[in-house]
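Colleague: Attaching a single structure in C-alpha cells format; questions to follow.
Nothing in this text is a laboratory measurement; each read-out follows from the coordinates by a stated rule. On a predicted model such as this, the values are computed, not experimentally measured, just so you know. Glycine gets a Cβ as well: all are built from the backbone with ideal geometry, and neighbour counts include every protein chain shown.
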Amino acid sequence: MTMPTGSDPVYAANGYDPASEMLWTAQEQPGLTSGHPYERDQVSQGVRAAQGPSALRLVWLYPDLLSTYGDRGNLIMLARRARLRGLAVEPIQVNSDRPVPSQGDIYLLGGGEDLPQVLAAQRMRAGGGLAAAAANGAVIFAVCAGYQLIGSVFGGAEGEPVDGLGIIDISSGRGEQRGVGEVLADVDPQLGVDQLTGFENHQGVTSRGPGVKPLARVIRGIGNGDGTEGAYAGRVLGTYLHGPALVRNPGLADLLLTWAAGPLPPIADGDEAWTKRLRAERLAAVSA
Ligand code: GLN
C-alpha cells in the first residue's frame, strides 16, 4: 500500500493515496498483456507504470455514459481493498468510443439515464468484449442501468424493449412508479455479506430467469420491484444500489475480490475506520 501523500485528513486517515488512483484508458484494440496497451487518461496527473499481467485488472466501463451518484467510488473501493491485501491493481478506464477489452479480471458498470443506457448497450453488444470476458469467467459488477443492460432486455426511454447483452438471465421493463431513496436489504445468506445499504433512483423493474438468484431481500425500498434486490449468477452480480454500493458495503467489495483473486486476509481495524463510520451513518439515517 502506498503511504498517503495528500494533506486531506480523510485521505490520510484512510490510507488513501489519490495519486495511486490514476486510470489508464484502453487503446483501440487492447491486448492487456502486451507491452503498452494503454494511454494515460487525460484527467490523470503524474505517471504510473503499467503493472503487467499479475496485477488485478479492474475495468471501469463507459463512465462517459454510465456513472451516476458517485459510481466511480466502486472502482476506488475495490482498488483500495485489494492493495490493503498486498495485491497489485491495474485500474483501466474504457470510454464508450473504445472497444471493451476481454482480458480484465473485474468489470464495473455504473448507472445512467435512459438514452445513454441504450447507447451503451448498443455499443457493448456490437463490440462483444464484455460478453467474451464473461465467457472467460471474469467478475462483473453492474449497477442500475448497467445491471439492466447486462440482462436480456430492458425498457428504453419510452418503455420500448431494448436488447441487452444477455450475460445474465434477467429481464427489465419499466415499473409504474420510480424507485427513489434509501434501500436496506438482507443479502442471500450463502454470500456471507452484511445487510446492504444504498440509494436507488430508477424506473426499471427486473425479473430473473431460472439459475439466477436474487442478491438480497428488500427491507426498505423498491429494488427489483418484487421484494428482492439485485441478482447474481456465477461471477456476475448486479444491483440497483448506488451510494456508491461498494463503499457503503465493503463486504460486497470483498466478495467480488474473492471471486477474482481467491481468499483474502482481513483488513486491519485502523484501515477500516472510515469505512465503518460511513456505513454506520447511512444505516442510522435510514432507521431514524
Ligand atoms: N434508466 C434506468 C431506469 O430508470 C436506470 C437508472 C439508473 O441507472 N439510475 O430504470
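Colleague: Taking 0.36 nm per residue of separation and subtracting the Cα-Cα distance, what length does fully extending Asp169 through Ala284 add?
Modeller: 37.9 nm
Colleague: Putting +1 on Lys and Arg Cβ atoms and -1 on Asp and Glu Cβ atoms, find which of Thr197, Val218, Gly234 reaches farthest to the positive end of the dipole of the stretch 186-234.
Modeller: Working it through, the farthest residue towards the positive pole turns out to be Gly234.
Colleague: Among Phe141, Phe199, rank each residue by its count of other Cβ atoms within 10 Å, from fewest to most, as a rough exposure measure.
Modeller: Least to most surrounded, the residues fall as Phe199, Phe141.
Colleague: Want the number for Leu115 to Gln177: 0.36 nm per residue separation, take away the alpha-carbon distance, what's left?
Modeller: Extra length available between Leu115 and Gln177 comes to 20.4 nm.
Colleague: I've got another one for you. Could you compute the FRET efficiency for Ala88 and Glu272, with r as their C-beta to C-beta distance and R0 at 25 Å, rounded to 0.05?
Modeller: Values: r = 21 Å, r/R0 = 0.85.
FRET efficiency, Ala88 to Glu272: 0.75.
Colleague: Going by C-beta contacts inside 10 Å, put Trp259, Trp274, Trp60 in order with the fewest on the left.
Modeller: Working: Trp259 20, Trp274 15, Trp60 27.
Lowest count first: Trp274, Trp259, Trp60.
Colleague: Starting at the first residue of the stretch 76-84, write each ³J(HN,Hα) from the Karplus equation 6.51 cos²θ - 1.76 cosθ + 1.60 with θ = phi - 60°, in whole Hz, x for Gly and Pro.
Modeller: My calculation for the stretch 76-84 gives 4, 5, 4, 4, 5, 5, 5, 5, 5 Hz in order.
Colleague: Can I ask one more? Determine the equivalent ellipsoid of the stretch 179-288 by diagonalising the alpha-carbon gyration tensor, then write out the semi-axes as square roots of 5 times the eigenvalues, largest first, rounded to whole Å.
Modeller: One finds semi-axes of 22, 19, 10 Å for the stretch 179-288.
Colleague: Here's another thing I want to ask about it. Taking amide H positions as placed in the peptide plane 1.01 Å from N, state which residues far from Thr68 in sequence (5 or more) or on other chains have amide H under 5 Å from it.
Modeller: Gly111
Colleague: Non-local amide H neighbours of Leu241 (under 5 Å, H modeled in plane, Pro and chain starts lacking H): which ones?
Modeller: Cys144
Colleague: Kindly put Glu272, Glu229, Glu281 in sequence by how many other C-beta atoms sit within 10 Å of each C-beta, fewest to most.
Modeller: The most exposed by this proxy come first: Glu281, Glu272, Glu229.
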